[in-house]
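Have a look at the structure below before the remarks.
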């Protein structure tokens, strides 16, 4: 069996897959009257079915310890649900469906910076994340771009 694509290739492919997924939110809302929360529920159901059927050769892989499952569900039911509900609601009413996604993209440099700090401060729980001048320059550009989009609105 061949090796999986690099993290960069997987990220590019994921990005290309997200484009039609994000565009579908407004499309189904406008053309079929599907509310964004209904779209989100069915969308996530499709994600769950595909991930469960393609990623796990057996059911035990999908079932870690009960307290780990409860913890994951709590993260999903709070942060994940709120973020997705608000983002899915914003996309069809924004002047351009890419604007809410671009603003939400500020999470990327934030996650990057926090992961560097957590990797340094609590390496028992988080892997070290490398950081250099070029990476920080990219983070500043991302934050600057999101700020321009947000302030302009």
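The values are calculated or read from the model by the stated rules, or taken from the named source; none is laboratory data. Given the structure is predicted, the values throughout are model-derived calculations rather than measurements. We place every Cβ from the backbone using ideal geometry, glycine too, and count neighbours over all the protein chains shown.
Assorted remarks:
- In this structure, residue 109 does satisfy being outside the structural domain of residue 27 (by TED's automatic domain parsing), surrounded by 11 or more Cβ atoms within 10 Å (Cβ to Cβ), assigned to a helix (DSSP H, G or I) and in contact with a helix residue (DSSP H, G or I) (Cβ under 8 Å, 6 or more places away or on another chain).
- Flag for residue 63 being more than 18 Å from the chain's Cα centre (by Cα) and over 26 Å from residue 33 (Cα atoms): yes
- A Cβ distance below 7 Å, combined with a sequence gap of six or more or placement on separate chains, defines the contacts here; from segment 4-28, residues that are within 23 Å of residue 96 (Cβ to Cβ) and not assigned by TED's automatic domain parsing to the domain that holds residue 88 reach no residue that is modelled with pLDDT of 90 or more and surrounded by fewer than 11 Cβ atoms within 10 Å (Cβ to Cβ).
- For residue 31, the test of being under 28 Å from residue 92 (Cβ atoms) and loosely packed, with under 10 Cβ neighbours inside 10 Å is passed.
- Just one of the listed residues (143, 106) is closer than 30 Å to residue 27 by Cβ and in contact (Cβ under 8 Å) with a residue 12 or more places away in the chain, namely 106.
- Only one entry in 123, 64, 130, 109 is closer than 25 Å to residue 18 by Cα and out of contact with any strand residue (DSSP E or B) (no Cβ under 9 Å at 6 or more places or on another chain), namely 109.
- Test: residue in segment 35-50 that is free of Cβ contacts under 8 Å to residues at least 60 places away in the same chain and more than 23 Å from residue 89 (Cα to Cα): yes
- Qualifying residue in segment 125-134 (condition: over 30 Å from residue 90 (Cα atoms), exposed (fewer than 13 other Cβ atoms within 10 Å of the Cβ) and in contact with a helix residue (DSSP H, G or I) (Cβ under 7 Å, 6 or more places away or on another chain)): yes
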